[in-house]
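Q: Before I ask anything, let me first share the structure, which is written out below as structure tokens.
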Amino acid sequence: MRGFLGPVQAVTGGTGVKAEGSTVVITNSVVVGGRGWDAEYPTYSGGNAGPAIAAVGGSLLTVAGCATIRGGRAGWGNAGISWPPPDGHAGDGIRAQASTVLIRGELADRVEPGSPEYGTPGHAIVAEAGSQVAWSGVTLGSPQILATASTVIHPAPDEPFMEILGPGLPGTIREFHVHGPGGASALVVFGFPGPAFALPGFGSTFWISVPPVAVVSVVTAGYWPVPLPVTLPAASGLEGVSLSAQAAFPGLPSPFSPDVFVTNPATVVVRF
């Protein structure tokens, strides 16, 4: 997913994904902010770039297992006879305004600002206006964090999350991977995707229809995820059917409450 290119100097590049007063989960994705406008004439400044992801207006945003979250590149200024050129502002990786953002992944997953060229750098994470941000496991690009009247925490050990690997073709195996601290017990709930709902005592939203298809007990192993293989049926007639899984860790608290920790949902489309 990518934000639009800033069409003129005065218009900032687009946001890759924006959550506004919403509950949103982004998994197994690459999101890049729109780059700024490149000046065509001497003495013109480059345009500002957009963030990869923005959460505003009381949103609850979860980002899990995403290989690249990167702000847009600053627009190039036209130097004319001056140097350095007046490039624009680079896009931030993730911006939170009066919202809660949960970022989880592995060391290879990156959240980073776009390239500033000779312009103003962005940040990997920007939190403002009373936001709450928890990030763990991922690598942050530099500059890392800019927080204004907000809370940004880096829990240890790294927080659990779920992702899916495998080709996704009929008759093949896809693996639901459960990441979590070594020795932590979890209940993995499998079912069909449904409307988001909250349960008292659980720290995050559930996205699986009731009743579930199956519940599996696992113990996570730290660095190595627990694989739960699922064979996609080869039969026809399943177009549009999806299967989701979500894990609850009864022994782990949520980042901003004592409630039971709940991972992001991971969803596979059985047949397009």
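FYI, it's all coordinate maths here, none of it is from the lab. Quick caveat, the model's predicted, so the values are computed rather than measured. FYI the Cβ positions are ideal-geometry reconstructions off the backbone, even for glycines, and counts take in every protein chain you see.
Q: What number of residues within the stretch 117-140 satisfy the criterion of being surrounded by 21 or more Cβ atoms within 10 Å (Cβ to Cβ) and within 22 Å of residue 104 (Cβ to Cβ)?
A: 11
Q: More than 19 Å from residue 64 (Cα to Cα) and touching a Leu at 6+ places or on another chain (Cβ under 7 Å): is that true of residue 171 in this structure? Quick ask: steps written out before the conclusion?
A: Numbers: more than 19 Å from residue 64 (Cα to Cα): yes; touching a Leu at 6+ places or on another chain (Cβ under 7 Å): yes.
In short, yes.
Q: Only residues in the stretch 147-173 that are of a type in the set (Phe, Trp, Tyr) count as the first member; pair them with residues that are surrounded by 14 or more Cβ atoms within 10 Å (Cβ to Cβ), Cβ under 6 angstrom, at least 6 apart or cross-chain, and list the lot.
A: 161/64; 161/65; 161/104; 161/179; 161/263; 161/264
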